[in-house]
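Visitor: The structure under discussion is supplied below as structure tokens; questions concerning it will follow.
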Amino acid sequence: QVQLVESGGGLAQAGGSLRLSCAASGSISSINAMGWYRQAPGKQREMVATITRGGITSYADSVKGRFTISIDNAKNTVYLQMNSLKPEDTAVYYCNFNGRTINYRGIRDYWGQGTQVTVSS
């Protein structure tokens, strides 16, 4: 299986910055894509940003120009640099791994436990 360890969450002021990290480990064969999803109180879980192994990125409209996702394939680690934070960014952020493991032939999704991001005004 794949284990995802998230770090970097916490409390920030509006206009501030945080950097989230997610390190994948285990029986990884290949990465298709990794990404960040979030769920705010009273809202549905939404995609924040994704990145393929080759570096193709996708962002939610609400974070474009403020957040930057990157991946270190050698370290199996994805990052989310969050700048110009807004109170609306407050949510639990979940790391996602989409890829193959040594033990399973197909592509599967794995999820981290989530890390809390709170932005005060």
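Visitor: What are the residues in the range 1-24 that are farther than 16 Å from Gln81 by Cα and part of a strand (DSSP E or B), if any?
Guide: Taking the range 1-24 as the starting set, the residues that turn out to be farther than 16 Å from Gln81 by Cα are 1-5, 24.
Val2, Gln3, Leu4, Val5, Ala24, listed by residue number.
Visitor: Can you tell me which residue among Thr68, Thr115 is under 14 Å from the mean Cα position of the chain (by Cα), without any contact (Cβ under 8 Å) to a residue 40 or more places away in the chain and closer than 20 Å to Gly10 by Cα?
Guide: Working: Thr115 fails: without any contact (Cβ under 8 Å) to a residue 40 or more places away in the chain.
None of the other options fit; the residue is Thr68.
Visitor: Specify which of the listed residues (Gln13, Gln44, Gln3, Gln39) is of a type outside the set (D, E, K, R), farther than 25 Å from Gly106 by Cβ and in contact with a Ser or Thr (Cβ under 7 Å, 6 or more places away or on another chain).
Guide: Gln13
Visitor: Could you go through the range 53-65 and let me know if any residue there is at pLDDT below 95 and open to solvent by less than 50 Å² (accessible area, probe 1.4 Å).
Guide: The initial filter retains those residues of the range 53-65 that are at pLDDT below 95, namely 53-55.
Next cut, open to solvent by less than 50 Å² (accessible area, probe 1.4 Å) only: 55.
Yes, the range 53-65 contains a residue that is at pLDDT below 95 and open to solvent by less than 50 Å² (accessible area, probe 1.4 Å).
Visitor: Within the range 22-45, identify whether any single residue is among the charged types (D, E, K, R), at pLDDT 95 or above and under 18 Å from Gln113 (Cβ atoms), and answer yes or no.
Guide: yes
Visitor: Are any residues in the range 69-85 assigned to a loop (DSSP other than H, G, I, E, B) and open to solvent by less than 10 Å² (accessible area, probe 1.4 Å), and if so, which ones?
Guide: The first filter runs over the range 69-85 and keeps only residues assigned to a loop (DSSP other than H, G, I, E, B), leaving 73-76, 83-85.
Residue satisfying the conditions is Leu85 alone.
Visitor: Let me ask something additional. Can you tell me which residues in the range 1-18 are under 30 Å from Ile102 (Cα atoms) and open to solvent by 50 Å² or more (accessible area, probe 1.4 Å)?
Guide: Taking the range 1-18 as the starting set, the residues that turn out to be under 30 Å from Ile102 (Cα atoms) are 1-8.
Selection gives Gln1, Gln3, Val5, Ser7.
Visitor: Name the single residue, out of those in the range 94-121 being outside any strand (DSSP E or B), closer than 14 Å to Ile28 by Cα and of a type outside the set (Phe, Trp, Tyr), that is modelled with the lowest pLDDT. Full working, then the answer.
Guide: Taking the range 94-121 as the starting set, the residues that turn out to be outside any strand (DSSP E or B) are 102-107, 112-114, 121.
Next cut, closer than 14 Å to Ile28 by Cα only: 102-107.
Retained after the next criterion (residues that are of a type outside the set (Phe, Trp, Tyr)): 102-103, 105-107.
On the way: Ile102: 92, Asn103: 87, Arg105: 80, Gly106: 91, Ile107: 93.
If we take residues in the range 94-121 being outside any strand (DSSP E or B), closer than 14 Å to Ile28 by Cα and of a type outside the set (Phe, Trp, Tyr), then Arg105 is modelled with the lowest pLDDT.
Visitor: How do the pairs read when you match residues in the range 82-94 that are over 19 Å from Cys22 (Cα atoms) and of a type in the set (Ser, Thr, Tyr) with residues anywhere that are part of a loop (DSSP other than H, G, I, E, B) and open to solvent by less than 40 Å² (accessible area, probe 1.4 Å), using Cβ under 9 Å and keeping only pairs 6 or more apart or on different chains?
Guide: These pairs meet every condition: Ser84/Gly16; Ser84/Arg66.
Visitor: Next question. Out of the residues in the range 25-50 meeting the condition of being within 12 Å of Tyr94 (Cα to Cα) and not in a strand (DSSP E or B), tell me which one is least open to solvent (accessible area, probe 1.4 Å).
Guide: The first filter runs over the range 25-50 and keeps only residues within 12 Å of Tyr94 (Cα to Cα), leaving 34-40, 45-50.
Narrowing the set further to residues that are not in a strand (DSSP E or B) leaves 40, 45.
On the way: Ala40: 20, Arg45: 106 Å².
Checked the range 25-50; the qualifying residue least open to solvent (accessible area, probe 1.4 Å) is Ala40.
Visitor: While we're here: Name the single residue that is nearest to the chain's Cα centre (by Cα) among those in the range 86-102 being within 19 Å of Met34 (Cβ to Cβ) and open to solvent by 50 Å² or more (accessible area, probe 1.4 Å).
Guide: First, the residues of the range 86-102 that are within 19 Å of Met34 (Cβ to Cβ): 91-102.
Next, from what is left, pick out any that are open to solvent by 50 Å² or more (accessible area, probe 1.4 Å): 100, 102.
Numbers: Arg100: 18, Ile102: 23 Å.
The qualifying residue nearest to the chain's Cα centre (by Cα) is Arg100.
Visitor: While we're on this one: Which residues, taken from the range 103-121, are hydrophobic (A, V, I, L, M, F, W, C), open to solvent by 20 Å² or more (accessible area, probe 1.4 Å) and closer than 21 Å to Ser21 by Cβ? Walk me through it before giving the result.
Guide: Going residue by residue through the range 103-121, those that are hydrophobic (A, V, I, L, M, F, W, C) are 107, 111, 117, 119.
Applying the additional criterion that residues be open to solvent by 20 Å² or more (accessible area, probe 1.4 Å) yields 107, 111.
Result: Trp111, single match.
The values are calculated or read from the model by the stated rules, or taken from the named source; none is laboratory data. Small disclaimer: the values here were computed from a predicted structure and weren't measured. Positions of Cβ are backbone-derived with ideal geometry, glycine not excepted, and every protein chain shown enters the neighbour counts. Surface areas here come from the heavy atoms of the whole protein model, side chains and all, with no ligands, DNA or RNA. Shrake-Rupley method; radii C 1.70, N 1.55, O 1.52, S 1.80 Å.
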